[in-house]
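Following: one structure in structure tokens, then a few remarks.
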Number of protein chains: 2
Amino acid sequence: MALRRSDPGKVKNPPERYTELMHRPPLKHCRNCGCAVINRLPDDGDTKERAVCPACNTVHYDNPLNVVGTVPVWGPDGGQVLLCKRNIEPRWGKWTLPAGFMEMGETIAEGAARETDEEAGALFEMGPLFSVMNVVRVGQVHFFYLATLLSDQFNPGHETIEARLFSESDIPWAEIAFGTVRETLALYFEDRRVGAMGFHTTDIT
Amino acid sequence: MALRRSDPGKVKNPPERYTELMHRPPLKHCRNCGCAVINRLPDDGDTKERAVCPACNTVHYDNPLNVVGTVPVWGPDGGQVLLCKRNIEPRWGKWTLPAGFMEMGETIAEGAARETDEEAGALFEMGPLFSVMNVVRVGQVHFFYLATLLSDQFNPGHETIEARLFSESDIPWAEIAFGTVRETLALYFEDRRVGAMGFHTTDIT
């Protein structure tokens, strides 16, 4: 990818459509003073329209968020993966790897571990970063770490109906909640067959 | 790192102090209706205090942001690295790798390429992801991609005083704007000596 300043149209326009995965509807009022905002080019040379406050001049930025989670595996050869059946929207009743929005005050790995603890109540050891996936349509980046389960007993939190181990042949592929989870699971079992865990970066459309 | 649901204090409290790097002061008014918010536990079982609107019940989340950039290298053996002298605060006049906040509508790599184009006006080819660095104190994750410069002529934008190539021995280490840039540069030259570029994840305190 060769880029010059003059290259047009390289950066796509922000998506007009927000799906249920996006937990932030567009900002309507100033977070500083409460006045209704106006969408316009800021005065600082910025080339993108932002929500600008006509009263206190605060410029509001909307940026992608990180979703962090793990691929918790069980057995001497990692033949089984822990999935959680979602007890919350979106995708209630669908299966997911434990994951959620990264919070202030934590690293990506700490957030992934926290979500695994909260959603599955699992005992595990964190491994290396396995996948980084851009989900541009909803303004998110998803990160999954490998994690080695130290027990097959789980104590899921209120966001999870059931936490269960699945072998590759039992994975409910049609009932997986999110594209990044499906893709990460597929990559995990592929790498397992090859016998070497890689580091994967992908864009999910 | 073994974790159980019962483990206390694993996740650090959100930092009280915001530095000049953090472009979002705490939210005071509801982004939906403009009413002054109250910091409290939401009603949905969430265990963290959030800014909740007493009028429309909107719960506001504060999440870490991604800063994306490149290590643009020049010469057959990548012996020189492109740095930009900052024309903006924070750290006006200090040297940095081209980088900035990831925007909606782009992948991490696209954001890194955009910043390299905007800040240096360089002609380059994107390489692999080189470093991912958590800066927990300011609620940021920094990503740097390797990039191969295709020209040593630059056309920096208004955020840059000067864009210049540096050999390792010339790097102005004491004048580098940010810890993640310093660390990424050090890792790059270290990997270059070894003769193999790695993928690095670090936490910067």
When segment A:87-120 is checked residue by residue, the ones that are crowded, with 20+ Cβ neighbours inside 10 Å and small (Gly, Ala, Ser) are A:ALA99, A:ALA109, A:GLY111, A:ALA112, A:ALA113, A:ALA120
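Can we say B:SER151 is touching a Phe, Trp or Tyr at 6+ places or on another chain (Cβ under 9 Å) and either part of a strand (DSSP E or B) or surrounded by fewer than 18 Cβ atoms within 10 Å (Cβ to Cβ) (or both)?
Working: touching a Phe, Trp or Tyr at 6+ places or on another chain (Cβ under 9 Å): yes; either part of a strand (DSSP E or B) or surrounded by fewer than 18 Cβ atoms within 10 Å (Cβ to Cβ) (or both): yes.
Criteria met by B:SER151.
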Reported set for segment B:157-172 where residues are under 20 Å from B:ALA99 (Cβ atoms) and open to solvent by less than 50 Å² (accessible area, probe 1.4 Å) is B:GLY157, B:THR160, B:ALA163, B:LEU165, B:PHE166, B:ILE171, B:PRO172
By residue number, the members of segment A:34-52 that are crowded, with 16+ Cβ neighbours inside 10 Å and facing chain B (nearest Cβ under 10 Å) are A:GLY34, A:VAL37, A:ALA51
Flagged in segment A:60-82 as open to solvent by 40 Å² or more (accessible area, probe 1.4 Å) and within 14 Å of chain B (Cβ to nearest Cβ), in numbering order, are A:TYR61, A:ASP62
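The values are calculated or read from the model by the stated rules, or taken from the named source; none is laboratory data. This structure is a prediction, so every number in the text was calculated from the model and none was measured. As a convention, Cβ positions derive from the backbone with ideal geometry for all residues, glycine included, and neighbour counts pool all protein chains shown. All accessible areas refer to the heavy atoms of the entire protein, side chains included, with ligands and DNA or RNA removed. Shrake-Rupley method; radii C 1.70, N 1.55, O 1.52, S 1.80 Å.
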